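Taking it in order: structure first as C-alpha cells, then the write-up.
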Amino acid sequence: MKRFFWTTILLSFAACLPAVAGIVQGIVVDNETKTPIADVQVSIPGDEKTVKTGSDGQFELRDVTEGKTTITFSKNGFEPQAFNITVVSTPLVINTEMQRKVVIDDMSAEDNALLFDEALLEDEGAIASQSVAYLTSSSDDPYLSTSSYTFSPMRFSLRGYDQRDHATSINGIDFTDSERGRFNYSGIGGLNNATRNKDVINGLDMTGYSFGSLTGATNINTYAAEYAAGAHVGLSYTNRSYMLRGQATYATGIMDNGWAFTGSIAYRWADKGRNEGTSYNSFGYFFAAQKIFGDHSIAITTWGAPTERGQSSASTQEVYDYRGIYYNSYWGYQDGKVRNSRIVQSYDPTVVVNYDWKINDRSNLKIGAAYHYNKYSNSALAFYNAPDPRPDYYRNLPSFQYTNLNVNGPEDTDNPFYNDVNTDLYNALRNEWINNNTDITQINWAALYQANYLNNAADPDGSAHYILERRHNDLMESALNALYTNQINDKLLLHAGLSGKYGKGMHYKTVDDLLGGNQWIDIDQFAERDFSTNTTIIQNDLDNPNRAVHEGDVFGYNYNLHIVKASAFIDNFWNTRYLDIYYALALNYTQFQREGLMRNGRAEVIGEQSKGFGKLTYFLDPAFKVGLTWKADAHNRVVVNGLIESRAPLPSYSYVAPRVKDRQLPGLTSEKVLSYDINWMFNYSRIQGRLTLFQTHMQDGTESTGYYNDEFHTFVNHTLSGVDRVFRGVELGLDIDLIYGFSLQLAGTYGDYRYTDNAIGVMSAENGCNVFTGEIPTDLTESTDVIETVYTKDLMVSNGPQLAVSATLSYFHPKMWFADVTLSYFDKNYLDFSPSRFTKMNVKGGYYPNKDGQMQYYAGYTEEQKALLGTQERLKGGFLLDASVGKVIYFNNRKQQLNINLSLNNLLNNTDLVTGGYQQARLSRNTRSAVKAIQTVDKFPNRYYYAWGFNMFLNVALKF
Amino acid sequence: MKYNKYTWALLATLGFTMAGCAKFDPIPADQLIVGNDAAWTETMSIADFKQTFDRKDSVFSINYIDTESEVIIKGRITSTDVAGNIYKYMVIQDTQTGEALKISVDAGSLSGTLPLGQVIAIKCKGLILGRYADMVQLGVETFNTNYSRVEPGRIPYPYFDARVQLIGIPDTSAIILQEITIPELLACDSTMYGRLVKIKDVHFTGLGDGGERLSDADKIFAPSTFNGTYNVGYPQARQIADADGNVAYISSSEYARFADIRIPDEDQWGDVVALVSWYKNSPTTEGEIQLTIRTLNDLEGFETGSAPTPTPAIFSETFLNGTLGEFTAYSVTGTQTWRADNQYGATISGYQNGSSHANEDWLISPAIDLSSCEKAAISFEHAINKGDVANLKTNHTLWISDNYTEGDPNNADWTQVTIATYPDGTSWNYVSSGQCSIPSQYLKAGVRFAFKYLCSDTESATWEMKNLTVK
C-alpha cells in the first residue's frame, strides 16, 4: 500500500534527473521504525551484481544492463523482497521498506522459556533458570539472534547469568518483577506478533532509556503508531508444548487524525503436549492506542493472556529408561481422561500509559506509568496420614529392591549383598513399569478418591487424606518512570531518568479440589507427628486453630511482601569521530518488608514473629558503568565496557522460611558485581560479526533451598550467603555471505562460570526445633541453627551449557524461497547441585551434638562415596540438527503476502540431551555405625529434564 | 469506512474455538465402593491359609505362595497406625472367627488408604508367608543385611495395591473383640497371635521389662532407646497386672506419638484393648507374648499418669547473694579464707600480693537432718584454676562429719565424700560436681559437711563454687 505509493512517486521523480546510464540506487528503511537498515544485500541477479546498503541505508548499483530485470533485497532477520524493474538510461531510484521477519522461531524460543517457571521453585529446592531467548530474538547481532533461536532448547543463558541480569522493559518502563527479578513471559504469552518490536542491547552497552544491566536489555515497544498498518493473521501447527496456535493482529498505523490503534488476539491450545499428560490452553488479547498531537503523544496499551497449562516433572534416569524421555509423573487417568495434578493458571493483565513530549529537536521527555496484577498459581497433591501418592516415590521403584540392601543397582556385581537381592520382585516391578501399568506408573486418582470416601465414612469430621492444593504467588505492581533525553550538542547526548515501583507479592495456598473428602484440617502434619501433644506448634493459623477448610479457602500460609524500589540514573554519551565514550551512574533504593497474615505455631514456640508487619529492610545501591568505543575504521570497531555495582538481594530469596516466620537470611547484604568486556565488531561486505571477551565477578550473593533432611528427620531451610561467582568467557558471532544466495552464520561461546569460594550455610529446622535434639529450645536466646561452611568452591554455575556452538547455512532464492540448516553442539552443562551434599558434615565430617547432647562423630565421604554422592554432575553434551524452509507468496500486486514456514528441529532425534534438572538433597547415613557412616548407595539419584526429540513448527501467516 | 473489509477479514479468520477450562467432576462414590456382588471370593480362610503355607520349622522363614490357581483371603483390618506405634504393617482378622494375620507393607500411614474396620480381600499368589521372630506374616522375601538372614520383608506398596480389594466401607463396630484373661493369654497357642483382645480390670504396676522397677523418669510408655550412637529401636515393655497378680506386658515403640506420655499410675484400674504379638528371635530363647496398643484409646477407663512431684531439696545454698549463708569459714592455716562473691559464689585462693601462701581452709555447713532420706547426695557447681593440676583432687575435697560442733574441724571425725566430677583445673568454667553420694551411716540428724581447701607457698589454685543442693 504505502510502500507502493512511495516507490511510484520516486520512480517518476527520478525520471526527471539528468541522464547517467545503468544506475539503480535507493534507500532501504525498516517499515515499522522507518530507520535505515544497513547491510542489506541488494542484487540484480541477471547482472550478477550485488552491493550492500551502508549505515545510512543507501545503495547504488552501477553499469546495470538496461531493460527488464529483477532486483532483490535480503538481510538476515528481514522478509526478503523482489521487484520487477525496467532499467533505463537515467538513474533508477528504488526505495523500499523491509519488514522484520515474522516471528516463527520466536515462538519456539518462547516455548522453551515457558517450560521452566516459578512453580519449580517449590520443588525440592530446584532453582529453575530461564533463558532470555525470547527477548533477544529480534536482534541484528548474529550471536544474539542465533543464541535465541538455536540455543533455546537447551535452556541456554547468555553468559551463564541468572535471569535477573537481563533488564526487560516495555515502552521504557522496567518490567522485571520486584520479587524475583524475572520477566513474566507468560504475561504476553502468544502475543509475540504484537510484541515483536524490540530493541535489544547487548551486554553492557548503553540502552538509551535506562541504566541497563549485565546481559544487556530488551525494550518492547508497543506504541500503536509504530506498527505497520495492516492486518496479519497466522495459524501454526506444532508438536511441542502446544499444538495449535492462531493469532490475528490489526494495526491502523498512524492515521491522518493523529490516532493509531493496534489490536491483537492470540490463542494456543493442546490437549496433549509433547510431554505426556501436559495440556495447554491460552488466550491472549492486546490493545494499543496512541494519539499524537503536535509534539506530544499519549499512548495507552493493555494486554493479558489468561493461560492454563499442565506441568511436567523432572525424573530420575531409572524412570526415563523404563518410560522414555517424555514421562511425566504428575498425571494419571481419572475416568479414562488424563488428569494432571500440576496445573498452572496464570493471568497478568497489564496497562501501560506513556506520555511523550518532544520538547525541541534536541530533547524530549517521556513519562510512563504501568500497573499490572499477575495472578499466578499452580496446583499440587497434598496428603495427610496416608501413603505418598507419587508414582515415582523411591520406595515404590524397582531400584529400591537393590538400594535397600545397599547395592547400587544391577551393575554393582561386586557388592557383597548382590546375590541376596530379590530379583524376582525387582523384575516383576520392572515389568509393570516397562509395560506401563498406569495404576503404578502414574497417579492413581481412583485410589485417592476412594481413600477420602472411606475416610468420610470412618471419620466424617476429620481431615481428608488427599487433596489438591493450589499455591498462589500473585504480584501486583505499579510503576512510574520519567526519562529525559537531550542531545546537548552534536557530540554529547544526555539521558536522565527517575523511576519508582511499588510491588506487593501475595503468597498463600487454597484448596483446589477436596477429591471427594469432606474437609481438610489446617495443621502441619510433620509437626503433629513430632509433637503430637503440643497443640500450638502444629497450627498454621493460631487464630483459627484446627480450622476445617473447603474448596477455595485460604490455608497453610498467607503472607505478603511489600517492596518499594526507586532509582535514578544519568548517562552521558560522547560521540566523536574516532571515539565514543559513555558513562552512566545510577542509584537504586530497595526496601522490602514481610507482612504475615497468619500466626504460625512453629514461629510462636520459638518466639519469632509470624503475623503482622515484620522488619523493614532497605538497601541503597550505587552503580557505575563506562564504555569506550574506538571506531578504528569504517569496518572495525572495538568496544570496551566496565560495570561496577552493588545490588540488593531479591526479596523472595531473603527470608529463611517466609511461610512460617519473619526472619531474614543471616548476613543479608547487597551483592557486589564487577564486570568488564571487550568487543571487536567488524563489518565487511562479505563478512561481519563480533568477538567478545567478558569477565564478571559477583560477590556476597545469597541462595536458599529447602528439603527434608534424613539425618534429623525434619524439613530444613538451608540458606547460603557469601556466595561468590565468576563468569568469564568468549563469544563469537559471524555472518558470512557466500555465493549464489548462500550465507553462513556461525555463533559460539565458551565460558567458565563457577563458584569461586565456599559459602556459609545456615541450616534451620522449619519447625523451629534444635536440629540435633529435635526438641523445642527452652532458651530462646540461643540459636538453633547449624552454621557451617558449604564447600561450593569450584562448583559450576548451572544456568545452561557453558559451551555452545552452531553453524547455519542459509539459502535465499529470488523466487522468495528460503531455507536453512543448522548444526549445533552443546557441552559443559552442569546439573544444579544441592548444598546439602557439600556441607562440612558430609564433605569433611566432624563432631556434632547427638540427642543426649554428647558430641558424636559424623564421618564425611569416602573417595568412592564422594564420586557417587558428593559431586556435581556434568551433563552429557550433544548435537542438534535443525532445518527450516519457507516461502513468501505475493498476491494482488504485493497487496497481500502469504508466508509459509516449516521448521524442523532436532532432526537427528537426539533423545539423550539433558537440559537441566537437580541433585536431590537427601542423603542417607547408617545410623548404627559408630561414625554414622554415609551409605554408599545412591537412593536419591539426580533428576533430569530432557530436550525433546524431533519436533516441528509449521506457520502460515497472511498479511494484508 | 475503508477499514470495514479488514475488520471482516479479521473476524473471518477468528475461527478458533475456545476449549473451556477442564474441571474434573469427582469420581462417583458408588463407582469406588465395592459392593458384595463385585467382591472377590475368598478361596480359603485365614486359618486354613496359615495352616497351608506356614513353614513351622524356624523362627525366620519364608514360603512362596506359588500355587497354580490364585489364593484369595479376606479379612477386616483391626489395626491403625495413626498413633505411630504400628508402622508399615497391618493386621486383618477373619470376619467370623477373629483369627488374625499380620501383613507387612512398605508405606508409612497405611491407615490412610487401608483404614481400621475395612474389609479387604488379598490375592496372595506371588507373595510369601513367613515367620519373623516366629510370628507369621504375609510379605515378600528380603535379606536382612544386619543379621545376614533371609526373612519376610515389606511388600512394596504398589505391588500390594495391585493385589488388594477394599470391600464396602469401614465398620469399626463389626470388629471382633475377644475378651481374655491374662492367664488365658499367657497359655495361648499360635492361633491367638495377631488377634485383637480385651483384658479387663488391670492396672499398670510401674514395672518395666522383666519386672524391673521403673525410675520416675522412665514411667512413660517408651523412652528413647538411644545408646549413644543410634536408636536401637526395640519396643519397650510396661507391665500390667490383674487383681490376682498375673502379669503381662504392653510393648510400645519410641516412635509412637504417645511414647512420652506417662503411663497410668498404679492405683488406676481399667481395661486394655491390644493386638497380641509374639516374639521369639532364636530357637533357644523363650518367646514372649507382647501386647501392642494401637492408640491411647485402647486404654479404657485409665487416666494418664500424674507427673512426678519434684522432691524438694533438703538443703540448698547458692552462695550468690554476697554471703556464705549459714556456712562458716574456718581458716586453719594462712590468712586467706573463704569468702562470698555475688558473681562467683563461695571462693578461696591462697594467692595474694603476687605470691602463694600456704593455707588450709574449711567451709563448713550448718547441721542438717538427713534421717528421712533413703539416700542423699550433695551437688554443686565449681571451678578450679591457676593451681597445679596434679594436686587438683587432693587440695579440693569434701568431707562429712556427725560429731563436729564448732572450732577447729581437725578435732572432729570426718569421712571423705568423693566429688564425682572435677573441672579440668585450667579454666574458669564451672562444671557440675555430679551427685556426691553421702554414705548411708550419715543419713541422720546433726550431720555437717565441709569443703577443705589446701595450698602451699609455691602453688595455689582458686576454688569457686555455687548452687549447692543436698537431695
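Below, the figures for the structure above:
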item: Single unsatisfied condition, A:Lys358 versus (1) basic (Lys, Arg); (2) away from every other protein chain (no Cβ under 12 Å); (3) within 30 Å of A:Lys939 (Cα to Cα); result: (3)
item: Every pair of residues 6+ apart whose Cβ atoms lie under 9 Å, when the first sits in the stretch A:898-919 and is under 13 Å from A:Gln317 (Cα atoms) and assigned by TED's automatic domain parsing to the domain that holds A:Tyr708 while the second is of a type in the set (A, V, I, L, M) and open to solvent by 30 Å² or more (accessible area, probe 1.4 Å); result: A:Tyr918/A:Ile127
item: Number of positions in the stretch A:931-960 that are touching a strand residue (DSSP E or B) at 6+ places or on another chain (Cβ under 8 Å) and within 30 Å of A:Val407 (Cα to Cα); result: 11
item: Selection status of A:Thr749, over 17 Å from A:Val821 (Cα atoms), open to solvent by 30 Å² or more (accessible area, probe 1.4 Å) and in contact with a Lys or Arg (Cβ under 9 Å, 6 or more places away or on another chain); result: no
item: Residue in the stretch A:255-273 that is of a type outside the set (Gly, Ala, Ser), away from every other protein chain (no Cβ under 14 Å) and free of Cβ contacts under 8 Å to residues at least 60 places away in the same chain present; result: no
item: Verdict on A:Leu493 being within 14 Å of chain B (Cβ to nearest Cβ), open to solvent by less than 60 Å² (accessible area, probe 1.4 Å), out of contact with any Cys (no Cβ under 7 Å at 6 or more places or on another chain) and touching a residue at least 24 places away in the same chain (Cβ under 8 Å); result: no
item: Of residues in the stretch A:384-420 being aliphatic (A, V, I, L, M) and more than 30 Å from A:Ile521 (Cβ to Cβ), the one nearest to the other protein chains (Cβ to nearest Cβ); result: A:Leu405
item: Identity of the residue in the stretch A:222-240, among the β-branched types (Val, Ile, Thr) and more than 14 Å from every other protein chain (Cβ to nearest Cβ), that ends up nearest to A:Asp199 (Cα to Cα); result: A:Thr222
item: Cβ pairs under 7 Å, 6+ apart, first in the stretch A:556-581 and touching a residue at least 12 places away in the same chain (Cβ under 8 Å) and hydroxyl-bearing (Ser, Thr, Tyr), second part of a strand (DSSP E or B) and surrounded by fewer than 19 Cβ atoms within 10 Å (Cβ to Cβ); result: A:Tyr559/A:Glu595; A:Ser567/A:Leu587; A:Ser567/A:Tyr589; A:Tyr578/A:Trp630; A:Tyr578/A:Lys631
item: Tally of residues being surrounded by 16 or more Cβ atoms within 10 Å (Cβ to Cβ), of a type in the set (Val, Ile, Thr) and out of contact with any helix residue (DSSP H, G or I) (no Cβ under 7 Å at 6 or more places or on another chain) across the stretch B:29-63; result: 5
item: Candidates B:Ala9, B:Ala19, B:Ala83 - the one that is touching a Leu at 6+ places or on another chain (Cβ under 8 Å), facing chain A (nearest Cβ under 10 Å) and modelled with pLDDT under 95; result: B:Ala83
item: Which listed residue, of A:Tyr393, A:Tyr330, is closer than 24 Å to A:Ala447 by Cα and without any contact (Cβ under 8 Å) to a residue 24 or more places away in the chain; result: A:Tyr393
item: Single condition B:Leu275 does not satisfy, out of (1) exposed (fewer than 15 other Cβ atoms within 10 Å of the Cβ); (2) modelled with pLDDT of 95 or more; result: (1)
item: Among residues of the stretch A:361-381, those that are under 28 Å from A:Ala270 (Cα atoms) and either open to solvent by 70 Å² or more (accessible area, probe 1.4 Å) or away from chain B (no Cβ under 12 Å) (or both), counted; result: 9
item: Hits in the stretch A:753-785 (condition: assigned to a strand (DSSP E or B) and open to solvent by 20 Å² or more (accessible area, probe 1.4 Å)); result: A:Arg754, A:Ile760
item: Set B:Gly301, B:Gly233, B:Gly206: member being more than 14 Å from every other protein chain (Cβ to nearest Cβ) and open to solvent by less than 50 Å² (accessible area, probe 1.4 Å); result: B:Gly206
item: Residue that is more than 10 Å from chain B (Cβ to nearest Cβ), in contact (Cβ under 8 Å) with a residue 12 or more places away in the chain and either more than 30 Å from A:Tyr333 (Cα to Cα) or polar (S, T, N, Q) (or both), where the choices are A:Met206, A:Met243; result: A:Met206
item: Number of the exception - A:Phe818 against (1) touching a residue at least 60 places away in the same chain (Cβ under 8 Å); (2) farther than 30 Å from A:Arg529 by Cβ; (3) assigned to a loop (DSSP other than H, G, I, E, B); (4) out of contact with any helix residue (DSSP H, G or I) (no Cβ under 7 Å at 6 or more places or on another chain); result: (3)
item: Selection within the stretch A:327-338 - over 26 Å from the mean Cα position of the chain (by Cα) and open to solvent by less than 70 Å² (accessible area, probe 1.4 Å); result: A:Gly332, A:Gln334, A:Gly336, A:Val338
item: Whichever residue in the stretch B:60-76 is touching a residue at least 12 places away in the same chain (Cβ under 8 Å) and over 14 Å from B:Leu129 (Cα atoms) and, among such residues, is nearest to the chain's Cα centre (by Cα); result: B:Arg76
item: So B:Ala38, is it modelled with pLDDT of 90 or more and within 14 Å of B:Val119 (Cβ to Cβ); result: yes
item: Every residue from the stretch A:421-437 that is under 13 Å from A:Pro410 (Cα atoms) and more than 7 Å from every other protein chain (Cβ to nearest Cβ); result: A:Val421, A:Thr423, A:Asp424, A:Tyr426, A:Asn427, A:Arg430
item: All positions within the stretch A:874-891 that are among the aliphatic types (A, V, I, L, M) and either surrounded by 15 or more Cβ atoms within 10 Å (Cβ to Cβ) or within 13 Å of A:Pro801 (Cα to Cα) (or both); result: A:Leu875, A:Leu880, A:Leu881, A:Ala883, A:Val885, A:Val888
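Here is a yes/no grid of residues against (1) open to solvent by less than 30 Å² (accessible area, probe 1.4 Å); (2) at negative phi:
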position	(1), (2)
A:Arg529	no, yes
A:Gln539	yes, yes
A:Gly552	no, no
A:Leu585	no, yes
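For every residue, the table says whether it meets (1) touching a residue at least 24 places away in the same chain (Cβ under 8 Å); (2) closer than 30 Å to A:Asp530 by Cβ; (3) in a strand (DSSP E or B); (4) in contact with a Leu (Cβ under 8 Å, 6 or more places away or on another chain).
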position: A:Tyr707; (1), (2), (3), (4): yes, yes, yes, no
position: A:Glu711; (1), (2), (3), (4): yes, yes, no, yes
position: A:His718; (1), (2), (3), (4): yes, yes, yes, no
position: A:Gly722; (1), (2), (3), (4): yes, no, yes, no
position: A:Val726; (1), (2), (3), (4): yes, no, yes, no
position: A:Gly733; (1), (2), (3), (4): yes, no, yes, yes
position: A:Gln745; (1), (2), (3), (4): yes, no, yes, yes
position: A:Gly748; (1), (2), (3), (4): yes, no, yes, yes
position: A:Gly751; (1), (2), (3), (4): yes, no, yes, yes
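The values are calculated or read from the model by the stated rules, or taken from the named source; none is laboratory data. Predicted model, so just to flag it, every value in this text is computed and none were measured. FYI the Cβ positions are ideal-geometry reconstructions off the backbone, even for glycines, and counts take in every protein chain you see. Quick note on the areas: whole protein, heavy atoms, side chains included, nothing else; ligands and nucleic acids left out. Shrake-Rupley method; radii C 1.70, N 1.55, O 1.52, S 1.80 Å.
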